[in-house]
Structure formats: structure tokens, C-alpha cells
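A quick write-up on the structure given underneath.
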Amino acid sequence: MASALWRPLPVFMLTIRQFFGGKSVWVVAVLAFLPALFGMIYWFDSGDNPPAYFLAENIYRPLVIATLLPITVLILATGALGNEIEDATLPYLTLKPISRLRIVFEKLLATLVVSLPIILGGLLTTYLIVFRGDAGESESLSFLWALLASAAAGIVAYGAVFLLVSLFVARALLVGIVYALVWESLLGRFLTGLKIVSIRHYTESILVGMADDRDIALTGATGVATSVVVIVAVVIAAMLISTWRLRNLNLE
Amino acid sequence: MAAADPSRPVAIMSDTPTIVLDHVSKWYGDLVAVSDLSFSIGPGVTALLGPNGSGKSTTLKMICGLLGPSTGAITIDGLPARGDSKAYRNLGVVLDIEQVYPYLSGREFVRMNAQLQKLPDVDAATERALAIVEMTDAANRKVGGYSKGMRQRIKLAGALVHDPNVVLMDEPLNGTDPEQRAHMIRLMWELGRQGKTLLVSSHVLSEVERFAENIIVIINGKLGAAGNYRTIRERIDNHPHIVRLGANEPRKLASALVTLPQISSVRIDKDGRVFVETGELRDFYRMVPRLAKEQNVRLTELQAADESLESVFSYLVER
């Protein structure tokens with residue numbers, strides 16, 4: 001499979017093999033397609049809501065953005081480098097004439113190449129289930145783009161941040177879950193001032209801004225362009241700190 | 001803490017050194033792992049010998065840049081290994097790591113090393129390295145199914161794939177069977193003969209004899225001794241060992257001990273403990289119980305007197 005990619009991207013290919021060699025990809029797939037099951041509820045009880053509202057307010061924001069998306073990305077991102085530290089295999093990569101930034105970049109790339117299609121595929125399936133006959137309408141499609149763009153932004157941002165976390169703490173998976181559930185959900189909700197330092201706020205802002213639907217709203221939403229800029233900045237900062245950390249890490 | 005001490009021995013093993021350690025120390029809080037270590041080695045096979053926990057692995061990890069020294073400087077071919085990834089083009093490292101990516105085949109692992117080294121002909125380099133360690137036949141099997149000895153060899157192939165001039169190996173003979181051991185030792189000789197610099201750690205003196213021309217002995221993180229095998233061996237063998245004995249009748253025991261030919265001196269301290277100096281430790285240990293029985297003395301203690309060079313040397317010899 002894609003063996004030509006080994007030469008330009010050896011760390012990336014290694015990480016892809018690592019993901020598929022273990023159970024993590026399958027756990028991620030199950031979590032990513034869970035919303036599709038919830039989507040079927042709409043067939044039986046739409047609550048007189050339009051499909052976009054149901055998908056955004058009953059599934060995407062409370063379930064996917066709040067929990068499933070961070071956790072699925074978390075499983076892959078913390079595994080990408082964290083497992084190498086845990087198994088002490090990282091020296092196979094760091095004792096080579098390649099830059100630490102490139103190791104971080106390829107590890108993040110592998111995380112995204114696996115998590116983006118799986119999570120977005122799960123969302124697309126959910127969309128098709130909820131919208132059924134209306135899925136091809138132009139109005140529905142613009143909602144779909146908003147949904148996918150918002151999720152993609154969240155995946156990239158969480159991927160970079162959790163990769164960074166895994167370089168600082170041994171139990172990155174646990175710390176990440178606490179971060180996703182406590183920080184992003186509770187603090188962000190009750191202390192509105194903290195919103196600006198929560199990835200969730202910007203992913204939701206992208207959804208709300210792009211969907212352009214009166215019923216799908218977020219108080220204090222940031223503009224789409226600004227949100228994208230913030231997420232890009234977060235990713236760059238996380239990668240640079242990861243590189244610095246990898247350079248100074250003492251490997252026992 | 002651990003300031004450079006000019007009286008500390010500096011081992012200069014070569015006129016054309018490739019690896020140079022200059023007053024290197026490493027500590028973790030209060031724990032000193034390596035203390036003011038200075039040596040330089042050149043082409044050929046050099047062994048880094050010392051008991052487990054003496055600081056061998058820490059030293060090797062500092063040389064290859066995985067650990068930063070607390071003080072001091074290390075260079076390989078004039079380049080610092082830490083902070084400059086270019087140094088790895090000329091350096092191959094076999095660490096004492098259990099794991100090799102179990103989901104890759106042996107060939108894939110070696111290929112990956114070749115690709116990470118950005119070699120122009122990855123395939124040729126991979127096959128050459130697999131042939132050197134005689135793993136060509138098993139190369140398509142997953143590393144997860146390899147024995148420990150096979151993992152050691154595939155790790156070595158990965159470390160040699162770019163034909164480096166400097167090779168570091170941490171306990172490479174651990175977990176190998178006699179045949180693999182013989183092969184590994186032949187390989188080290190061959191690499192040394194080609195003019196490469198090999199630094200190989202071991203805690204077994206008799207094993208080191210088979211592959212190393214020069215030996216650096218590390219004890220408690222300090223340079224214990226350095227030189228060629230014969231010099232070290234003589235120094236270890238001729239070094240008097242001090243043994244402490246306790247008995248219910250120490251005076252009776254002491255006067256009997258004086259008659260033993262292996263003993264050069266006997267003394268008793270004020271607590272009634274007997275200290276014996278002997279050049280032939282093994283014989284002495286064999287004789288003492290018999291002697292005690294003949295004299296009807298009950299032995300309560302028999303051990304090397306301190307954790308100094310002597311006891312470490314005896315540890316190395318007794319293996």
C-alpha cells in the first residue's frame with residue numbers, strides 16, 4: 001500500500017502502520033460512526049425540527065464537538081508520539097539526520113490523514129441519514145460544508161494540541177480526556193471569558209458562521225475568518241513547541 | 001558539584017580520537033550517575049566495561065545525544081551529537097531497547113532506517129545490511145515474531161545501513177545464543193578492522209576479551225581503569241582483595257588464617273572483625289569454610305570489605 005510514500009515520508013508511513021497495526025483505528029472508527037446511529041432517531045422523532053437544526057443542536061454540538069471528536073483525535077494523536085516514548089522506540093527516529101520539526105510534522109500528518117476521513121466520513125453518513133431525500137438540495141449542501149469545515153478545523157487543532165500534550169505527560173490519553181471533558185465542556189460553558197482559549201469555541205463559530213441559519217446560533221461567536229486564523233496559529237504554535245520539546249527531551 | 005578535578009584520570013586511547021569526552025558529568029538531583037569522566041577513543045573496538053548500574057548506558061546515551069550532560073562536552077569527529085542531527089549521518093547506534101516496531105517486517109525496519117538516512121540507493125543498502133547480520137532469510141517476517149537475538153541483529157542492521165564510521169552498542173550480546181554471540185563478535189572485529197570506531201558496553205569481562213582491543217572500566221560513574229585487555233586483566237588479577245570475616249572466635253580464626261598460602265596479611269580491628277588481604281580471591285573463598293570447620297570456629301560473616309575498585313574488579317572476574 002502506497003509504498004512509494006516511504007521514501008519521502010518515512011515517519012508518516014511508520015505511524016500509519018502503527019495505527020493499523022493496533023486496535024486504535026477500529027476504536028476511532030466505531031466512535032466516529034456512533035453519531036450515524038443517533039441520526040436514525042430523527043426518522044422516528046423529528047420533534048418538528050428541520051434536519052439541519054436536529055443534526056447541529058442534538059448531535060453535532062452536544063455529542064460530536066463536545067466529546068466524540070476530541071476523544072477520537074486524542075486516541076490517535078497521543079498514540080502517534082506517546083507510544084514511541086512509552087515503548088522507548090523514539091531513538092530509532094531521533095538518532096537520525098532528520099529535523100525534529102519534520103518528525104512532528106509527519107506524526108501530525110499521519111494523525112490527520114487517518115482521523116479526517118474517518119470522522120468526516122462518520123459525519124457525512126450521519127448527514128445522509130438525517131437529511132435523506134433532501135441531502136442533495138443546495139441549502140442542505142451548504143449546511144454540510146459548514147459541518148465538515150467545522151469538524152475538520154477541530155480535528156486539525158485537537159491533533160496538534162494533543163500531540164504536544166503527549167510530549168509532556170506520560171498519561172496523555174487520560175489528561176486529554178480530562179481536558180476535553182472538563183476544560184472544553186464545563187469551563188467553556190460556565191465561564192464565558194474562557195471561551196476564547198477553547199478550541200471548541202472556534203469550531204462552533206465556524207459551524208455557526210458558515211451555516212448561516214437563524215436557529216443555529218452561538219452567543220459571542222467569533223467570525224469564520226478569525227476562527228480559522230486562530231486555529232492555524234494554534235497548530236503552528238503547538239508544532240513549534242513540540243519540536244522544541246522533542247529537541248530537549250531526555251530519553252532514558 | 002562535581003567540578004572538573006585535574007587529578008582525575010584521563011584516558012587517551014588514541015592519537016587520532018573520534019569520540020572525545022571532556023570532563024563529563026551527569027546527575028539527577030542528588031544522584032550522580034556519571035562523575036567527571038574524560039576519555040578519548042579512536043578507530044578499533046573499545047569496550048566500556050563496568051557492573052550494572054555503573055553508568056555505562058548513561059555514558060553511551062550522552063555520547064549519542066539522547067541525554068544532555070550536566071557539565072562537560074562530548075564530540076564525535078569534532079561535532080557535538082546533541083542538537084545537531086547531521087552528526088547522525090556518520091553514527092550508528094544500537095541501544096539496549098527491547099522493542100522494535102513489531103508490525104514491521106525486518107526488511108521494512110532496515111529500509112526505514114535507510115530512508116531516514118536519506119541514502120541514494122535504499123534497496124542496495126538494505127540488502128547489504130541484512131546480509132552483514134545474516135538476516136536476509138528472515139527479513140520478510142514481522143519483527144514481532146523475532147527472538148531477542150534476531151531483534152538485536154535487525155537493530156544492528158538498522159544501525160549499520162548507512163555504513164557509519166562510528167558505532168555505539170549498548171550490551172549487544174545480551175540475549176544472544178552462543179552461535180549468535182560468535183557471529184556478533186566476528187562482526188565487531190570486522191568493523192574494527194575496517195577502521196571504524198566501535199564503542200561497545202558490557203558487564204562481562206570474559207566476554208569483552210573476545211572482541212575489544214582496548215577497555216575503559218567505569219565504576220560508580222567514574223573512570224576506573226583504561227588500557228588494553230592484558231593491562232586491565234593484570235591489574236585486576238594482581239590487585240589485592242580485602243575480605244572481611246566475622247566469627248565467634250576471631251582470634252583463633254585469624255591465627256589459623258595466617259597459615260594459608262593465599263594470604264598476604266591478616267589483622268583484627270577492635271570490634272573483633274578480621275580483615276584479610278589476598279591476591280587469590282577464589283581460592284581463598286574455597287579454603288575458608290574448610291579451615292573454620294577444622295578449627296571448630298563458627299563463621300558469621302564473609303564478604304568483600306568495601307565497594308571500591310577491588311570489589312568491582314572481583315565482581316567482573318567472578319562472572
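The values are calculated or read from the model by the stated rules, or taken from the named source; none is laboratory data. What you are looking at is a predicted structure, and each value in this text was computed from that prediction instead of being measured. Note that we place each Cβ from the backbone using ideal geometry, even for glycine, and neighbour counts take in every protein chain shown. In case anyone asks, the SASA skips ligands and DNA or RNA and just uses the protein heavy atoms, side chains included. Shrake-Rupley method; radii C 1.70, N 1.55, O 1.52, S 1.80 Å.
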Within a Gaussian network of chain A (alpha carbon springs, distance under 10 Å), most fluctuating of A:123, A:141, A:68: A:141
Across A:173, A:124, A:93, the residue with the highest GNM fluctuation in chain A (Cα network, 10 Å cutoff) is A:93
Among B:61/B:222; A:23/B:86; A:107/B:61; B:148/B:222; A:23/B:56, which pairs are too far apart, with a Cα-Cα distance over 26 Å? A:23/B:86; B:148/B:222; A:23/B:56
Order of exposure, largest accessible area first, which applies to B:23, B:241 with probe 1.4 Å: B:23, B:241
Report relative contact order for the stretch B:141-210 in percent, whole number only (criteria: Cα-Cα under 8 Å, sequence separation at least 6). 36 percent
Applying the Karplus parametrisation 6.51 cos²θ - 1.76 cosθ + 1.60 with θ = phi - 60° to the phi angles of the stretch A:65-78, what ³J(HN,Hα) value in whole Hz is obtained for each residue in order, glycine and proline being reported as x? 4, 6, 9, 5, 5, x, 5, 5, 5, 4, 4, 6, 5, 6
If every alpha-carbon in the stretch A:2-248 counts as one equal scatterer, what log10 I(q)/I(0) does Debye give at q = 0.13 1/Å? -0.80
Rg and Dmax in Å for the stretch B:1-137, alpha carbons only: what are they? 17.5, 53
Leaving ligands, DNA and RNA out of it, rank B:36, B:121, B:271 by accessible area with a 1.4 Å probe, largest first. B:271, B:121, B:36
May I ask you to evaluate 6.51 cos²θ - 1.76 cosθ + 1.60, the Karplus curve with θ = phi - 60°, for each residue of the stretch B:87-95 and list the ³J(HN,Hα) values in order in whole Hz, giving x for glycine and proline? 4, 6, 4, 10, 10, x, 10, 10, 8
Ignoring trypsin sites (Lys or Arg not before Pro) that are buried or in helix or strand per DSSP, and keeping those with at most 10 other beta carbon atoms within 10 Å, what is the longest stretch of chain A between them? A:24-213
Tell me the label-point distance for the pair residue A:88, residue A:139, using the 7 Å Cα-to-Cβ offset, in nm and rounded to one decimal. 6.3 nm
Alpha-carbon gyration tensor eigenvalues x 5, square-rooted, for chain B, Å: 44, 23, 16
With all protein chains modelled, accessible area of residue A:216 [1.4 Å, Å²]: 0 Å²
At residue B:123 and residue B:270, where each label point lies 7 Å from the Cα along Cα→Cβ, what is the point-to-point distance in nanometres? 8.2 nm
Expected field for residue A:105, accessible surface area in Å² at 1.4 Å probe radius, rounded to 10, holds 100 Å²
Tell me the total accessible area that B and A bury against each other, 1.4 angstrom probe, in square angstrom rounded to 100. 2800 Å²
How much mean residue ellipticity at 222 nm does chain A get from its helices, if each DSSP H run of length 4 or more adds -39500 (n - 2.57) and you divide by all residues, to the nearest 500 deg cm²/dmol? -21000 deg cm²/dmol
For chain B: relative contact order, % (alpha-carbon pairs under 8 angstrom, 6 or more apart): 19 percent
Distance between the stretch B:102-126 and the stretch A:59-106 - C-alpha centres, whole angstrom: 23 Å
Under a crude label model (7 Å from the Cα following the beta-carbon direction), how far is residue B:290 from residue A:48 in nanometres? 10.6 nm
Chain A: relative contact order from alpha carbon pairs under 8 Å, six or more residues apart, as a whole percent, is 26 percent
Grab the DSSP H runs of chain B that are 4 residues or longer, score each as -39,500 (n - 2.57), total them, divide by all residues and round the 222 nm result to the nearest 500 deg cm²/dmol. -10000 deg cm²/dmol
Keeping all protein chains in place, calculate the accessible area per residue for the stretch A:2-248 (probe 1.4 angstrom), answer in Å². 43 Å²
Once all Cα-Cα distances of the stretch B:14-89 are split into 5 Å bins that start at 0, what whole-number percent is in each one? 3, 15, 26, 26, 19, 8, 2, 0
FRET efficiency estimate (nearest 0.05) - Cβ-Cβ, residue B:28 to residue B:84, R0 25 angstrom: 0.55
Förster-model FRET efficiency, 56 Å R0, residue A:181 and residue B:209, C-beta, rounded to 0.05: 0.40
Nearest-0.05 FRET efficiency for residue B:193 and residue B:283, computed from C-beta distance (R0 35 Å): 0.35
On a 1.4 Å probe surface of the protein chains, which of A:134, B:84 comes out largest in accessible area, and what is the full order? A:134, B:84
Amide H proximity to residue B:225 below 5 Å, modelled H, separation 5+ or other chain, gives B:217
Could you tell me what percent of the accessible area of the stretch A:1-109 is made up of carbon and sulfur, with a 1.4 Å probe and every protein chain present? 67 percent
Inter-part gap, Cα centre of the stretch B:245-302 to Cα centre of the stretch B:190-219, in whole angstrom, is 37 Å
Taking every other residue with Cβ under 13 Å from the Cβ of residue A:245 and scoring Lys and Arg +1, Asp and Glu -1, one gets +3
For the protein assembly as shown, what Kirkwood radius comes out of the mean inverse Cα-Cα distance, in Å? 27.8 Å
Roughly how much of residue A:43 is accessible, in Å² to the nearest 10, using a 1.4 Å probe? 100 Å²
Candidates per GluC sites (Glu not before Pro) in the stretch A:89-179, loop by DSSP, up to 15 other Cβ within 10 Å: A:137
